[in-house]
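S.K.: Sending over a structure as structure tokens; questions will come in a sec.
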Amino acid sequence: MIEEKKIRQDNITTLINRHCHQSGVLQTTIPSLYLIRSDRVNVPAYRVFNPSFCFVTQGLKEIFLAEERLEYGPSNYLITSMDLPVIGQVIKASPDEPYLSLKLDLSQNEVLEVLKDANIHFNANENETRAMFVGQIELSILDAILRLVQLLDTPKDIPYLAPIHKKEIIYRLLQGQYGATLAQIAMEGSNTYRIREAIDQIIQHYDQSLRMEELADVASMSVSSFHRHFKEITAMSPLQFQKQLRLQEARSLLLMESADATEVAYRVGYESSSQFSREYSRMFGYPPKMDIKRLKETYEQIDGNADQSLVRTSQP
């Protein structure tokens, strides 16, 4: 079994190497499939991860969800079941042995379709778990991944076969250790499903004051119950979640537009520029102006220009 896994993994590594020649994120011709390559350990990147399945074939990566650290490499996969602000960093990579991974976006409807078509049933009232988790890769999942990525060599087959192979990957994940956790995002009435709807509201209106009663109403929960379930699923409170969104957006605006920090503070929803500066420094380690200067110098050293995708992207 171990040897068979190694063979499949090596085959996937070869395919990613062939199609993704340079460091960065490649959006492939297969809908929702991305290939990622990094030839060196990179700086921490503050991002919003969207619902997705990620698999590393070579190298190592760490993710911080609030105060929790997740590490995953070739024997693992990472699933994110809803939009989450995180800190990610490739911690093992070199030009001779680059970090290589793939990301497959997952939608609620796709998961629901597989649940219905395969007649898979889980309890919607099952206790919720984290919306981001690391699982052990299985041979059946590797086989399904390999079939999907191989389609890059036969583009004419993609329109017909890619949806089939993606469904197979979702099916295998639902059959695995965390199947019930993944299923929760598509099961109307589950706490995860209801919290996801509230998260959508926070993301859409991140620059506005949170109204806990309204969010709790969206989730069909009492305010106290909403707080408890939200933290259980996301590892942070609604206010902490919103703060991370605001500060990530502010950093992106400062880098891309060279905007004034006070102006940006108001644009992302802060009423006090001094509070913005304090919270920015606490999250990123430096005041806004110093942080942006440091970032630009770092990216110029890496590749001769400021790679803004390292700062704000939904890609792994």
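S.K.: Work out the charge dipole of the chain with +1 on the Cβ of Lys and Arg and -1 on the Cβ of Asp and Glu about the Cα centre, then indicate which of ASN191, ILE169, ILE16 is farthest towards its positive end.
M.R.: Positive-end residue among those listed: ILE16.
S.K.: Give me the distance between the Cα centres of segment 139-205 and segment 251-279, rounded to whole Å.
M.R.: With segment 139-205 and segment 251-279 each reduced to a Cα centre, they are spaced 36 Å.
S.K.: Excluding GLN27 itself, calculate the net charge of residues whose Cβ lies under 14 Å from the Cβ of GLN27, where each Lys or Arg counts +1 and each Asp or Glu counts -1. Present the calculation step by step, with values, prior to reporting the outcome.
M.R.: On the way: positive: ARG37, LYS103; negative: ASP105.
That sum, taken over residues with Cβ under 14 Å, equals +1.
S.K.: Next up: Mind giving me the FRET efficiency for ILE2 and TYR160? R0 is 35 Å, r the Cβ-Cβ distance, nearest 0.05 is fine. Before the final figure, lay out each step's value.
M.R.: Working: r = 33 Å, r/R0 = 0.96.
Efficiency for this residue pair is about 0.55.
S.K.: Please report, to two decimal places, log10 I(q)/I(0) for the chain at q = 0.09 Å⁻¹ as given by the Debye formula with identical point scatterers on the Cα atoms and no solvent.
M.R.: Those come out to -0.49, one per q.
S.K.: Calculate the spin-label point distance for ARG278 paired with ILE120, positioning each point 7 Å from the Cα along the beta-carbon direction, and give it in nanometres.
M.R.: 4.7
S.K.: Another question, then. Can you give the Rg to Rh ratio for segment 133-226, taking only C-alpha atoms and Rh from Kirkwood?
M.R.: Working: Rg = 18.5 Å, Rh = 16.0 Å.
In segment 133-226, Rg relative to Rh is 1.16.
S.K.: Let's test the formula: R0 of 51 Å, r as the Cβ-Cβ distance of GLU257 and SER220. What FRET efficiency results, to the nearest 0.05? Don't skip to the end; give the middle numbers.
M.R.: Values: r = 39 Å, r/R0 = 0.77.
For R0 = 51 Å, the calculated efficiency reads 0.85.
S.K.: Can you give the Rg and Dmax of segment 1-184 based on its C-alpha atoms, in angstrom?
M.R.: Rg and Dmax of segment 1-184, Cα atoms, are 15.9, 48 Å.
S.K.: If each of SER209 and ILE91 carries a label point 7 Å out from its Cα toward its Cβ, how far apart are those two points in nm?
M.R.: 4.1
S.K.: Let me ask something else about it. Per residue, how much accessible area does the chain have with a 1.4 Å probe, in Å²? Each step should come with its number before you reach the end.
M.R.: On the way: 14740 Å² over 316 residues.
Accessible area per residue, the chain: 47 Å².
S.K.: Sticking with this one: Determine the relative contact order of the chain: mean sequence separation of Cα pairs under 8 Å and six or more apart, normalised by residue count, in whole percent.
M.R.: Working: 528 pairs, mean separation 56.1, N = 316.
Relative contact order here is 18 percent.
The values are calculated or read from the model by the stated rules, or taken from the named source; none is laboratory data. Everything quoted here is computed from the prediction, not taken from an experiment. No Cβ is skipped: glycine too gets one built from the backbone with ideal geometry, and neighbour counts run over all protein chains shown. We work out accessible area using only protein heavy atoms, side chains counted, and drop any ligands, DNA or RNA first. Shrake-Rupley method; radii C 1.70, N 1.55, O 1.52, S 1.80 Å.
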